[in-house]
1. Place +1 on the Cβ of every Lys and Arg and -1 on the Cβ of every Asp and Glu in the chain, take the dipole about the Cα centre, and give the residue among Gly105, Ala271, Gly46 whose Cα lies farthest towards its positive end.
2. Working out 0.36 nm times the residue gap between Leu215 and Arg29, then minus their Cα-Cα distance, what length gain in nm do you get to one decimal?
3. Over the alpha carbons of the stretch 1-156, what is the largest minus smallest coordinate on each principal axis, giving the biggest first in Å?
4. Go through Ala36, Gln17, Ile226 and say which Cα lies farthest out towards the positive end of the charge dipole of the chain; charges sit on Cβ, +1 for Lys and Arg, -1 for Asp and Glu.
5. Relative contact order, percent, of the stretch 199-251 when contacts are C-alpha pairs under 8 Å separated by at least 6 residues?
6. Can you work out the accessible area per residue across the stretch 164-259, with the rest of the protein chains kept in place, probe 1.4 Å, in square angstrom?
7. What whole-number value in Å² describes the accessible area per residue of the stretch 1-153 for a 1.4 Å probe?
8. Using alpha-carbon pairs under 8 Å, 6+ residues apart, how would you state the relative contact order of the chain in percent?
Amino acid sequence: MVAPDRISLNTATVRQQWNLRECIEGCSRHGIGAIAPWRDKLAECGVDEGARMIHDHGLRVSGLCRGGMFPAADAAGRQAALDDNRRAVDEAVTIGAVCLVLVVGGLPAGSKDLPDARQQVQDGIAATLEYARTVDMPLAIEPLHPMYAGDRACVNTMRQALDMCDALGEGVGVALDVYHVWWDPELDHQIARAGARNLLAFHVCDWLVPTKDLLLDRGMMGDGVIDIPHIRRQVTANGFTGDVEVEIFSQDNWWRQDPDHVLATLVERCATVV
Ligand code: ZN
């Protein structure tokens, strides 16, 4: 059971219905204690105004979504990614985020070289980390389900992400999203390996059977097949004390519903099936 005050609303969950102000006010109405904005929502209102609104409503910020997308076909593309990640670090600092979540990127256009893409990711995080350390902003690598290896993230398991953390040193950890890692036979072991030091964020939703869209058909907790309480117990037992972030991309269902109904439902599900 997760009390409302320990829930974080990832703004993607009501992306089609609400702007950042409406998300913040919705959290207040439903007793939700934290928020995780996407950068597009922040950009709409301006980062400073977003930070002010979040602060005025007393919300914690469980993470900023997102930095990353490091691999590129040429040096100019790689530099543009580094510049954007530096801006993302600054935005995360401005809103007081626990971490900047990294969706690391997939194969560059025209490439079939996954090892090279993964090296580009590691190099990109290393460069971003140099700056992030100076402003005390932790970076959280989010391993994505392998179905996204081509276009979104070539880091696909907790083991891979933690190996990268080991290679990179202080200031980088992982964002564990149950949607991406629930299938992994090594999951419990890798959560224990991560421990409190490397578990920076915990995202929940559910895996629907069947899943109709690879990106935009995530389920509400309890509507799918992920043993979410088991995973939550593992992260808690291994020292994670952060907020439980609800992140649901749902084009044909939850994005079409009254957002107050969405928030009421996720609060109820966090109490009963998370
Ligand atoms: Zn996530």
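The values are calculated or read from the model by the stated rules, or taken from the named source; none is laboratory data. Quantities reported herein were computed from a predicted structural model and do not represent experimental measurements. Glycine also receives a Cβ, built like all others from the backbone with ideal geometry; neighbour counts cover every protein chain displayed. When the accessible area is computed, the model is the full protein with side chains, heavy atoms only, and any ligands, DNA or RNA have been set aside. Shrake-Rupley method; radii C 1.70, N 1.55, O 1.52, S 1.80 Å.
1. Positive-most Cα among the choices belongs to Ala271.
2. This chain segment gains 64.1 nm when fully extended.
3. Its Cα atoms span 48, 32, 27 Å along the three principal axes.
4. Ile226
5. The normalised contact order for the stretch 199-251 reaches 52 percent.
6. Per-residue value: 41 Å².
7. Numbers: 6370 Å² over 153 residues.
Solvent-accessible surface per residue comes out at 42 Å².
8. This gives 21 percent for the chain.
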